[in-house]
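> Okay, here's the structure, questions in a sec.
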Amino acid sequence: MSVAEENRGLNPEGRSRLKAKTALTIAIIGWLLIAFSLNALIFNSFPLELATPEWQLNLIASLISASPSLLIGATLIALSLVFDPSTKNLKDWNLIVARAASWFAIVLLLIIPLQFYLGSRVLKSQSNRSYEAINNLKSIAKGISAINSEADLRLYVASLPNAPRLPAKFDAPFPVIKQRAIENIQAQINAGSENIKLQKSEGLQVFLKEAIRNMAQAILMTASFSALAALNSKATNAFTKLFTSLLPKSLR
């Protein structure tokens, strides 16, 4: 006997209990799915580095990645009312989820410009660190240029952080050693400058790829959560009304 046939065999009170049980089960599964998604989101955010743009960008990516699961869980809770529209708990849960969906839609839209701002900060910070290393090399080359004796050269090198070990005796006169050192540092500066250009280009391409993908996903999720919030007239706000007005009439 199929489930449909079994339901037809139940009396009205039995069918009512079955619908209530089904509705509650669907709603609980929805809450569990939401809890599962939030649990993964929270633990992926550790260790907390709230002030760093890199951490903030990772949080945005995690939030967007968790959005589909959150949407499915919220949709299940809203769907439970189809089976049992009279239970107060289900109505309250539906209102909570709808209101959360309306505000989450706003958050998703706001993080689109935010991620571009944070991305520019990350790229700038990476470039600044590279330029600092090059400027440090330039400072060392300038310091060596001003040295006029082997003893002063050894003292200067020893004063540098992470100073290289010099041989007990050089294999060439001091002027030759001095010129070699300057040329070696200049070669490092040139190579570093080329690497900065390459890293900036590659870093920008990688970031734009991720940012555009996140933007598209955020827009899709914003539309989805706005549509979900619109199912409950008590949960809509000006933003969700505006966004759902852009949808086809059949979906409003």
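The values are calculated or read from the model by the stated rules, or taken from the named source; none is laboratory data. None of these values were measured; they are calculated from a predicted model. Heads up, the Cβs are rebuilt from the backbone with ideal geometry, glycines too, and the neighbour counts pull from every protein chain shown.
> Report, by residue number, each residue of region 76-87 that is of a type outside the set (Phe, Trp, Tyr), closer than 18 Å to ILE29 by Cα and either free of Cβ contacts under 8 Å to residues at least 40 places away in the same chain or in a helix (DSSP H, G or I) (or both).
LEU76, ILE77, ALA78, LEU79, SER80, LEU81, VAL82, PRO85
> Still on this structure, please answer the following. Just name the residue that is surrounded by the most Cβ atoms within 10 Å (Cβ to Cβ) out of those in region 16-61 that are among the aromatic types (Phe, Trp, Tyr) and closer than 30 Å to LYS209 by Cα.
TRP55
> If you don't mind, there's one more thing I want to ask. Residue by residue through region 74-87, note down the ones that are modelled with pLDDT of 90 or more and surrounded by fewer than 17 Cβ atoms within 10 Å (Cβ to Cβ).
Across region 74-87, the qualifying residue is only LEU79.
> Shifting gears a bit: Only residues in region 1-24 that are farther than 25 Å from ALA78 by Cα and at pLDDT below 85 count as the first member; pair them with residues that are surrounded by 13 or more Cβ atoms within 10 Å (Cβ to Cβ) and among the aliphatic types (A, V, I, L, M), Cβ under 7 angstrom, at least 6 apart or cross-chain, and list the lot.
Cβ pairs passing all conditions: LEU10/LEU18.
> Among what's in region 90-102 and is out of contact with any Ser or Thr (no Cβ under 7 Å at 6 or more places or on another chain) and touching a residue at least 24 places away in the same chain (Cβ under 8 Å), pick the residue that is surrounded by the fewest Cβ atoms within 10 Å (Cβ to Cβ).
LEU95
> What number of residues within region 196-215 are modelled with pLDDT under 90, among the polar types (S, T, N, Q) and exposed (fewer than 13 other Cβ atoms within 10 Å of the Cβ)?
1
> Ok, one more. Does SER69 satisfy the condition of being closer than 30 Å to GLN179 by Cβ and polar (S, T, N, Q)?
No.
> Cβ contacts < 7 Å: first residue without any contact (Cβ under 8 Å) to a residue 60 or more places away in the chain, restricted to region 31-52; second residue surrounded by fewer than 11 Cβ atoms within 10 Å (Cβ to Cβ) and outside any helix (DSSP H, G or I), any location; separation 6+ or different chain. Result?
none
> Would region 134-156 turn up any residue that is in a helix (DSSP H, G or I), in contact (Cβ under 8 Å) with a residue 24 or more places away in the chain and within 29 Å of the chain's Cα centre (by Cα)?
no
> What's the number of the only condition in (1) assigned to a helix (DSSP H, G or I); (2) modelled with pLDDT under 90 that ASN190 fails to meet?
(2)
> All but one of (1) closer than 24 Å to ALA191 by Cβ; (2) more than 45 Å from the chain's Cα centre (by Cα); (3) among the basic types (Lys, Arg); (4) surrounded by fewer than 11 Cβ atoms within 10 Å (Cβ to Cβ) hold for LYS169, so report the exception by its number.
Answer for LYS169: the failing condition is (1).
> Since PRO113 meets every condition but one in (1) closer than 25 Å to GLN217 by Cβ; (2) surrounded by 12 or more Cβ atoms within 10 Å (Cβ to Cβ), which condition does it not meet?
(2)
> Got a number for residues in region 88-107 being over 13 Å from ASN232 (Cβ atoms) and either in contact with a Pro (Cβ under 9 Å, 6 or more places away or on another chain) or β-branched (Val, Ile, Thr) (or both)?
2
> Now for a separate question. Find the residue count for region 108-121, including only residues that are closer than 13 Å to PHE225 by Cα and in contact with a Pro (Cβ under 9 Å, 6 or more places away or on another chain). Reasoning before the result, please.
The first filter runs over region 108-121 and keeps only residues closer than 13 Å to PHE225 by Cα, leaving 108-109.
Adding the requirement that they be in contact with a Pro (Cβ under 9 Å, 6 or more places away or on another chain) leaves none.
Total satisfying the criteria: 0.
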